[in-house]
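Chemist: Input: one structure, supplied below.
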Amino acid sequence: MAQRLLVLGWHNIDPTPGFPDPPGVGRRGFDYQLSLLARFTTVLPLRRALDLMEAGRPLPPRAVVLTFDDGYRDNLDLGVPALARRNLPATFFLVPGFLSGTVTAWWEDLGAAFVSARAPALEWEGERFDLEDPAGRAAAENAVRTSVKQHDHAARQEAIAEVAERLRSPAPAGPGPFMDWDGARALLAAGHDVGSHTVSHAILARETVAGQRAELGDARDALRTELDVPADTLAYPNGDSGDYSEQTTALAAELGYRCAVTTRAGLASRTGPPYEMRRVVLTPTTDLRSVVGKVWRKGRALVRR
């Protein structure tokens, strides 16, 4: 197992419209997860793990890398102090459009639209959902979420705006849940690393080749210019097997990315494709012992075979 790496990923810690949870649950769960990792695993920076794997050198026992996607503000306010208490490094995959405030997160816009919906029902793609029934409201949001993932970025934003209008939902007020460029600099000052999560969080397989090139290349350029970092690690938005393509991985290599992580569960290894690194995505309430144990047991079985 010394050549296999467990990459873990989170998004937010506190609840948001897009990721609802009871107040306080995320903070307690995340703190407990980090306590387990600090006690039972060897957490190392992603860049150090890549160095070892590329050199053919063994990884430390129970090697783990910690990552965070999207740049939620609570990653800085809550995550960084929790990591510091245990001296744990992490990589944060950031979206320049979110940092600049020029792009909004479609799933957060969708969640907020349903939270503040004033319409009693929603007609969507030939189906009617009763929004006054909690189950109907949840089904409606899930149906819209599944549907809009099939669009390209521009069409997805238009669809979310149309849904908000049908729901008679007021536009959200105040700052969004994401950090800005100063927040990104604070991550670096705290000793963590920053990677790319595309310019606008586009699901890359839904974009044209030119669109993918712009999302990947412009994101790296913006991060290097604003933060003076290599920004040569990448996390694919959404990140499942249908959310990127062979064209995507080829472009990532061409544009100088060193690796790309997915949301496909499993262990990464030096013999695996560097632009399709497996990663286990968690929420702060995930049963870490169960999930990690299952992944490592599967990895051991593969090695034996």
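None of the figures in this text is laboratory data; all of them are computed from the coordinates on show. Nothing here was measured: the structure is a model prediction, and the numbers come from that model. Don't worry about glycine lacking a Cβ; one is built from the backbone with ideal geometry, like all the others, and counts go over all protein chains shown.
Chemist: Choose one answer from Gly26, Gly101, Gly293: the residue with the largest mean-square fluctuation in a GNM of the chain with alpha-carbon springs under 10 Å.
Modeler: Looking only at Gly26, Gly101, Gly293, the biggest GNM fluctuation is shown by Gly293.
Chemist: Once each part is reduced to its C-alpha centroid, what is the distance from region 6-69 to region 249-281 in angstrom?
Modeler: Their Cα centres are 17 Å away from one another.
Chemist: Evaluate E = 1/(1 + (r/R0)^6) for Glu127 and Ala55, where r is the Cβ-Cβ distance and R0 equals 45 Å; express this FRET efficiency to the nearest 0.05.
Modeler: Details: r = 55 Å, r/R0 = 1.21.
The formula returns an efficiency of 0.25 here.
Chemist: Based on a Kirkwood Rh over C-alpha pairs, give the Stokes-Einstein translational diffusion coefficient of region 106-166 at 20 °C and viscosity 1.002 mPa s in µm²/s.
Modeler: Rounded, D is 187 µm²/s.
Chemist: If you don't mind, another one. Would you mind telling me the antiparallel percentage of the DSSP bridges in the chain, rounded to 5? Please report the intermediate quantities before stating the final value.
Modeler: Values: 7 of 29 bridges.
So the antiparallel bridges in the chain amount to around 25 percent.
Chemist: How much of the calculated P(r) for region 153-300 lies past 17 Å, in percent of all Cα pairs?
Modeler: Of all Cα-Cα pairs in region 153-300, 69 percent lie more than 17 Å apart.
Chemist: If I stretch the segment between His151 and Ala253 completely, what's the gain in nm (0.36 nm per residue apart, minus their alpha carbon distance), one decimal?
Modeler: Numbers: separation 102, 0.36 × 102 = 36.72 nm, distance 2.50 nm.
Gain on extension, His151 to Ala253, equals 34.2 nm.
Chemist: Follow-up. When the helices in the chain are scored as -39500 (n - 2.57) per DSSP H run of 4 or longer and the sum is shared across all residues, what 222 nm value do you end up with, to the nearest 500 deg cm²/dmol?
Modeler: Dividing the helical sum by the residues of the chain leaves -13000 deg cm²/dmol.
Chemist: Within 10 Å of each residue's Cβ, count the other Cβ atoms and sort Arg206, Arg28 from fewest upward.
Modeler: Listing Arg206, Arg28 from fewest to most nearby Cβ atoms yields Arg28, Arg206.
Chemist: Mind giving me the nanometre distance, one decimal, between the label points for Leu188 and Ala161, set 7 Å out from Cα along Cα→Cβ?
Modeler: Distance between the two pseudo-spin positions: 3.3 nm.
Chemist: Starting from the 7 Å offset along Cα-to-Cβ, what nm value, one decimal, do you get for the label separation of Arg168 and Ala38?
Modeler: In this crude spin-label approximation the distance works out to 5.1 nm.
Chemist: Another one. Quick one: Cα centre-to-centre distance for region 165-225 and region 85-157, in angstrom?
Modeler: Distance between centres, Cα-based: 16 Å.
Chemist: Taking Cα pairs under 8 Å and at least six residues apart, what relative contact order does region 5-97 come out at, in percent?
Modeler: Contact order relative to length: 37 percent.
Chemist: Something else now. If you average the sequence gap of Cα pairs under 8 Å that are 6 or more apart and divide by the length of the chain, what percent do you get for the contact order? Intermediate results must be reported in sequence, preceding the final value.
Modeler: On the way: 541 pairs, mean separation 67.0, N = 305.
Taking the mean separation of contacting Cα pairs over the length of the chain, I get 22 percent.
Chemist: Also, I was wondering about something else. Where does each of Leu8, Leu282 land when they are ranked from fewest to most other beta-carbon atoms within 10 angstrom?
Modeler: If I rank by nearby Cβ atoms, fewest first, I get Leu282, Leu8.
Chemist: Expressed as a fraction of 2.2 N^0.38 Å, the rule-of-thumb size for a compact globular protein of N residues, what is the C-alpha radius of gyration of the chain?
Modeler: For the chain, the normalised Cα radius of gyration is 1.01.
Chemist: Taking neighbour Cβ counts within 10 Å as the exposure measure, how do Leu227, Leu216, Leu94 sort from fewest upward? Intermediate values should be presented prior to the final figure.
Modeler: Values: Leu227 18, Leu216 26, Leu94 31.
If I rank by nearby Cβ atoms, fewest first, I get Leu227, Leu216, Leu94.
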